[in-house]
């Protein structure tokens, strides 16, 4: 057994550590753990996405469908292709909102529907059909609320109304408001 003087043992340990570091750099093993992720890159996606939300009584409250979903890691937003959102009520047929694309915020509380947006509610007993054409609709699924600053057209045959800016509450009590430049054509009995 060879006994090293205390001063030399630290020197040998330092040389050994330096050579180990140099070998790791030489072989490139330290680079395998570091993958460069480009900014705004998707971390997962789904084809044929569906999400259901129930109310406190276990009844269907909202449903969100999309042809394609892509989640981005940098801002944690979810981008949707052809999203279809349903707001269900007990007393009326569901409200169906359709758009070309959508972006769901990281916390899931805001859904921005881009491009042409159509909101439909079918006819039922005591309920007239209603179709709304607009664009760039901001939806808050948690509170069944939506708004836009864009032009909106409301069609409930034989009546027709247009305006700029709109606020809608899809839950009871249902409330729809056009904010400016409101024009319409109404048929009286």
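The values are calculated or read from the model by the stated rules, or taken from the named source; none is laboratory data. The shown structure was predicted, so the numbers you read here are calculated from the model rather than taken from an experiment. Every residue, glycine among them, receives a Cβ derived from its backbone with ideal geometry; neighbour counts consider all protein chains shown.
Taking the criterion of being out of contact with any strand residue (DSSP E or B) (no Cβ under 9 Å at 6 or more places or on another chain) and on the phi < 0 side of the Ramachandran plot, the residues of region 43-73 that qualify are 56, 57, 59. Take residue 61 and decide whether it is modelled with pLDDT of 95 or more, surrounded by 15 or more Cβ atoms within 10 Å (Cβ to Cβ) and assigned by TED's automatic domain parsing to the domain that holds residue 181. It is false that residue 61 is modelled with pLDDT of 95 or more, surrounded by 15 or more Cβ atoms within 10 Å (Cβ to Cβ) and assigned by TED's automatic domain parsing to the domain that holds residue 181.
If you take the residues in region 137-146 that are assigned to a strand (DSSP E or B) and either within 18 Å of residue 120 (Cβ to Cβ) or outside the structural domain of residue 84 (by TED's automatic domain parsing) (or both), which one is nearest to the chain's Cα centre (by Cα)?
Residues of region 137-146 assigned to a strand (DSSP E or B): 137-140, 145-146.
If we keep only those that are either within 18 Å of residue 120 (Cβ to Cβ) or outside the structural domain of residue 84 (by TED's automatic domain parsing) (or both) as well, we get 137, 139, 145-146.
Numbers: 137: 12, 139: 10, 145: 15, 146: 14 Å.
Ranking the candidates gives 139 first.
Regarding region 134-144, can at least one residue be identified that is in contact (Cβ under 8 Å) with a residue 40 or more places away in the chain, touching a strand residue (DSSP E or B) at 6+ places or on another chain (Cβ under 6 Å) and more than 16 Å from residue 63 (Cβ to Cβ)? Scanning region 134-144 turns up at least one residue that is in contact (Cβ under 8 Å) with a residue 40 or more places away in the chain, touching a strand residue (DSSP E or B) at 6+ places or on another chain (Cβ under 6 Å) and more than 16 Å from residue 63 (Cβ to Cβ). Considering region 150-189, and only residues there that are touching a strand residue (DSSP E or B) at 6+ places or on another chain (Cβ under 6 Å) and assigned to a loop (DSSP other than H, G, I, E, B), the residue that is surrounded by the fewest Cβ atoms within 10 Å (Cβ to Cβ) turns out to be 186.
Answer yes or no as to whether residue 125 is assigned by TED's automatic domain parsing to the domain that holds residue 79, out of contact with any strand residue (DSSP E or B) (no Cβ under 7 Å at 6 or more places or on another chain) and under 23 Å from residue 52 (Cα atoms).
Working: assigned by TED's automatic domain parsing to the domain that holds residue 79: yes; out of contact with any strand residue (DSSP E or B) (no Cβ under 7 Å at 6 or more places or on another chain): yes; under 23 Å from residue 52 (Cα atoms): no.
So residue 125 fails the test.
With the structure loaded, tell me whether residue 80 is modelled with pLDDT of 90 or more, crowded, with 17+ Cβ neighbours inside 10 Å and within 22 Å of the chain's Cα centre (by Cα) or whether it fails that test. For residue 80, the condition - modelled with pLDDT of 90 or more, crowded, with 17+ Cβ neighbours inside 10 Å and within 22 Å of the chain's Cα centre (by Cα) - is met.
Could you check, for region 101-112, whether at least one of its residues is in contact with a helix residue (DSSP H, G or I) (Cβ under 8 Å, 6 or more places away or on another chain), touching a residue at least 12 places away in the same chain (Cβ under 8 Å), at positive phi and assigned by TED's automatic domain parsing to the domain that holds residue 170? For region 101-112, residues in contact with a helix residue (DSSP H, G or I) (Cβ under 8 Å, 6 or more places away or on another chain), touching a residue at least 12 places away in the same chain (Cβ under 8 Å), at positive phi and assigned by TED's automatic domain parsing to the domain that holds residue 170: present.
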